[in-house]
Ligand code: Q0N
């Protein structure tokens, strides 16, 4: 891509600079499980994630402006406004899972939210909670309480971000629930534009930064299956792999089944056929 300079790599995405105020986010077909990127790709996974994100950006811009400028015809690249990113991950949890469950079991709290006693793993919370985390350069993000987050972004900005994140989650979780998918939690990233206005950046509710559970298989008291990655996890568990790199190659049936789950998530959530998206990515923008 001669018109762009590479600026950052994530586990599954690449970031390029287009000019002084625009970036290009490119979602690859790489997949990670147990925090390890596998050597086998899932065809079209990056397009599904890009299309879903763009769908949500289009449907939430009345709540919070976002960095999306344009989708490219390849379906996996997004041109974005360059922002000054805030140094916190904005996590909203409607259900008690992952590090939230771990913290709750140890302390009865998550990020300073004291929760009712006796909750089970994956149980729905009385109401969604905002649970910010630091952005770790390597390893895991660390959950932080309000005071720590306020030191990083300021108390006023924190209140604004919390309200925005809770509103975005409520809209997306309600929409997903009506289509048979539980959005257990999500991680959002915000930045500031040149006028210091709050803008939603990164990606919006793709399965890689949200927990998607099929509603019909949901039960508290364990780990519900992941809508998208369960075939991959189940296959990896059969291998006795120690979950350190390198990860295993995936057989064709696991690749095909996983691709089908991504496409199903896309079609259920957007109500748009994935083939239509491939023909013209802008269909998700409504
Ligand atoms: C930005 N990241 C997250 C791998 C690295 N709109 C923006 N403006 C300025 N900076 C960023 C964005 C966005 N989004 C986000 N790093 C910089 C790190 N990831 C992003 C995906 O690629």
Within region 271-286, the residues that are assigned to a helix (DSSP H, G or I) and either more than 16 Å from residue 46 (Cβ to Cβ) or in contact with a strand residue (DSSP E or B) (Cβ under 7 Å, 6 or more places away or on another chain) (or both) are 275, 276, 279, 281, 282, 283, 285
Among the residues of region 184-198, is any more than 16 Å from the ligand (Cβ to nearest atom), under 14 Å from the mean Cα position of the chain (by Cα) and at pLDDT 95 or above? yes
Sole miss for residue 129 among (1) over 27 Å from residue 217 (Cβ atoms); (2) within 17 Å of the chain's Cα centre (by Cα); (3) without any contact (Cβ under 8 Å) to a residue 40 or more places away in the chain is condition (1)
Checked region 141-150 for anything surrounded by 14 or more Cβ atoms within 10 Å (Cβ to Cβ), out of contact with any strand residue (DSSP E or B) (no Cβ under 6 Å at 6 or more places or on another chain) and assigned to a helix (DSSP H, G or I); matches are 146, 148, 150
Exactly one of 117, 122 is in contact with a strand residue (DSSP E or B) (Cβ under 7 Å, 6 or more places away or on another chain) and not in a helix (DSSP H, G or I), and that one is 122
For region 1-46, the count of residues that are more than 23 Å from residue 239 (Cα to Cα), out of contact with any helix residue (DSSP H, G or I) (no Cβ under 9 Å at 6 or more places or on another chain), more than 8 Å from the ligand (Cβ to nearest atom) and outside any strand (DSSP E or B) equals 9
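In region 1-25, how many residues are under 15 Å from the mean Cα position of the chain (by Cα) and either more than 25 Å from residue 278 (Cα to Cα) or touching a residue at least 12 places away in the same chain (Cβ under 8 Å) (or both)?
The initial filter retains those residues of region 1-25 that are under 15 Å from the mean Cα position of the chain (by Cα), namely 10-13, 25.
Still in the running and either more than 25 Å from residue 278 (Cα to Cα) or touching a residue at least 12 places away in the same chain (Cβ under 8 Å) (or both): 11-13, 25.
Total meeting the criteria: 4.
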Log entry, pairs with first residue in region 81-110 being assigned to a helix (DSSP H, G or I), second being surrounded by fewer than 22 Cβ atoms within 10 Å (Cβ to Cβ) and modelled with pLDDT under 95, beta carbons closer than 6 Å, six or more apart or on different chains, reads none
Apart from one, (1) more than 14 Å from the ligand (Cβ to nearest atom); (2) under 10 Å from the mean Cα position of the chain (by Cα) all hold for residue 208; the odd one out is (1)
Of the residues in region 60-80, those that are away from the ligand (no atom under 12 Å from the Cβ), buried (at least 21 other Cβ atoms within 10 Å of the Cβ) and part of a strand (DSSP E or B) come to 71
Of (1) more than 15 Å from the ligand (Cβ to nearest atom); (2) more than 27 Å from residue 235 (Cα to Cα); (3) touching a residue at least 24 places away in the same chain (Cβ under 8 Å); (4) assigned to a helix (DSSP H, G or I), residue 57 satisfies every one except (1)
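The values are calculated or read from the model by the stated rules, or taken from the named source; none is laboratory data. Given the structure is predicted, the values throughout are model-derived calculations rather than measurements. Neighbour counts are summed over all protein chains in view; Cβ atoms, including those assigned to glycine, are modelled from backbone coordinates with ideal geometry.
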